[in-house]
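Colleague: Dropping the structure in here first, questions after.
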Amino acid sequence: MTVFHLLLLPLVAMEHVLSIMNPFELIDLSLTSSRVKRAVKTFLRIRNRFRITLDIYVHPGIKISGEYESWKYCWTSDESKVGYETDSNYGSHEIVKFSKNPMEELKRSHDYFKEILNCSFETLFYELDSFPSENESITDWLRSQYESVHLMEVVSDLEGFDDDLKYLVTSFKISGILSISVPSYGENFQMEIPESIYCLNLSSSSFIGYEQFQKLKQSEIILHGSILTDQEINCFLKSWMSMESHLELELFRIRTSGPEAKDVIMDVPHEVTTEPSVLKMLNESVIFSIFFEYEELLDSFITLTLNVDSTSKEPMARWLLCVSEIVLIFFI
């Protein structure tokens, strides 16, 4: 078998070899010797081209993403799940390894990957009921590794993790998206929503009352299971139209009580038109969207758009575009 002396190559040639290797190969290569490890670290310190996603699920994993492909390590205590999978359609590659303690193995491997690959931490997927007795210690470990994350998605099929949820969400600066999908919250549950995020997506938003809702600063707000009344949604529309609240809002989605709620919610100054030229204009200049989903008619949406005069750049009117192609023009 011919031996390939990587370290004897000229620097440019060695960097070319390393540049065509994927994370699986780079990590395996770094384990061959301390000199090779230093070479790989030095190369990746200059050319940081990977991002890390942590999956705290029943089979915890670390995904390393490049521009077009991703490579993922998972650990499981179920030997039947050990193996390798690849999906050429999505450019994904996954290695599943056996471990008696998958979460501890993830921590050890993460420390090494972080040292070698010099990755930026971008996404955290966290299932609260995967390691129920370890949530606080896992959050503490995550805090010791990172101060911020772009996207945090927290899920649970079970109830009773209110304190763990609050501790996790408040332990990081979330710069982009916060998505929470849990069945319900305990009585009197309250949680502050980080102002740093631009997108909030809650599968159950029963703790968001009108007062807290009016203080939200996010550009995108999606609320399922909301306790906001039709009258409160109407008040929101009026305050938004008068530019008294939600100045940064670009998309808002909420499910209402039913089609009859429209009469209450839409009790604002408006005109109705089916003029094709208005529809065409709106389709070409949509800046702001707001959807109301009806419980019985899930395909019925109402879209609110903000039209800006191209000369003044000042808001001229706020429009409501219905799927039936009936346009309600709201005047400010």
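Colleague: Being buried (at least 19 other Cβ atoms within 10 Å of the Cβ), in contact (Cβ under 8 Å) with a residue 12 or more places away in the chain, in contact with a Leu (Cβ under 6 Å, 6 or more places away or on another chain) and not basic (Lys, Arg) narrows it down to one residue among 124, 128, 142, 106; which is it?
Modeller: Of the residues listed, the single one that is buried (at least 19 other Cβ atoms within 10 Å of the Cβ), in contact (Cβ under 8 Å) with a residue 12 or more places away in the chain, in contact with a Leu (Cβ under 6 Å, 6 or more places away or on another chain) and not basic (Lys, Arg) is 124.
Colleague: Still on this model: Starting from residues that are out of contact with any helix residue (DSSP H, G or I) (no Cβ under 6 Å at 6 or more places or on another chain) and among the hydrophobic types (A, V, I, L, M, F, W, C), keep the ones in the stretch 63-82 and report whichever is nearest to residue 128 (Cα to Cα).
Modeller: My answer is 74.
Colleague: While we're on this one: Sort out which residues of the stretch 212-238 are modelled with pLDDT under 85 and not charged (D, E, K, R), and write them in order of number.
Modeller: Passing the criteria: only 237.
Colleague: Next question. Hey, can you tell me all the residues within the stretch 23-39 that are outside any helix (DSSP H, G or I) and either touching a residue at least 60 places away in the same chain (Cβ under 8 Å) or closer than 25 Å to residue 94 by Cβ (or both)?
Modeller: 31, 32
Colleague: So, in the stretch 242-258, exactly how many residues are surrounded by 20 or more Cβ atoms within 10 Å (Cβ to Cβ) and touching a strand residue (DSSP E or B) at 6+ places or on another chain (Cβ under 6 Å)?
Modeller: Number satisfying all stated conditions: 3.
Colleague: With (1) in contact with a strand residue (DSSP E or B) (Cβ under 8 Å, 6 or more places away or on another chain); (2) in a helix (DSSP H, G or I) as the list, and residue 174 as the residue in question, which single condition is left unmet?
Modeller: (2)
Colleague: Just one of 22, 48 is modelled with pLDDT under 90 and among the polar types (S, T, N, Q); which is it?
Modeller: Exactly one of 22, 48 is modelled with pLDDT under 90 and among the polar types (S, T, N, Q), namely 48.
Colleague: Tell me, yes or no, whether the stretch 1-14 has at least one residue that is under 13 Å from residue 112 (Cβ atoms), at pLDDT 85 or above and surrounded by 10 or more Cβ atoms within 10 Å (Cβ to Cβ).
Modeller: Step one: list which residues in the stretch 1-14 are under 13 Å from residue 112 (Cβ atoms), which gives none.
Scanning the stretch 1-14, I find no residue that is under 13 Å from residue 112 (Cβ atoms), at pLDDT 85 or above and surrounded by 10 or more Cβ atoms within 10 Å (Cβ to Cβ), so the answer is no.
Colleague: Evaluate the stretch 161-170: report whether one residue or more is among the polar types (S, T, N, Q), surrounded by fewer than 15 Cβ atoms within 10 Å (Cβ to Cβ) and in contact (Cβ under 8 Å) with a residue 12 or more places away in the chain.
Modeller: yes
Colleague: Checking the condition surrounded by 11 or more Cβ atoms within 10 Å (Cβ to Cβ), of a type outside the set (Asp, Glu), assigned to a helix (DSSP H, G or I) and free of Cβ contacts under 8 Å to residues at least 12 places away in the same chain, which residue from 42, 86 passes?
Modeller: Just a single option satisfies the conditions, and that option is 42.
The values are calculated or read from the model by the stated rules, or taken from the named source; none is laboratory data. Note that the coordinates shown come from a computational prediction; the quantities given were computed from them, not determined experimentally. Neighbour counts are summed over all protein chains in view; Cβ atoms, including those assigned to glycine, are modelled from backbone coordinates with ideal geometry.
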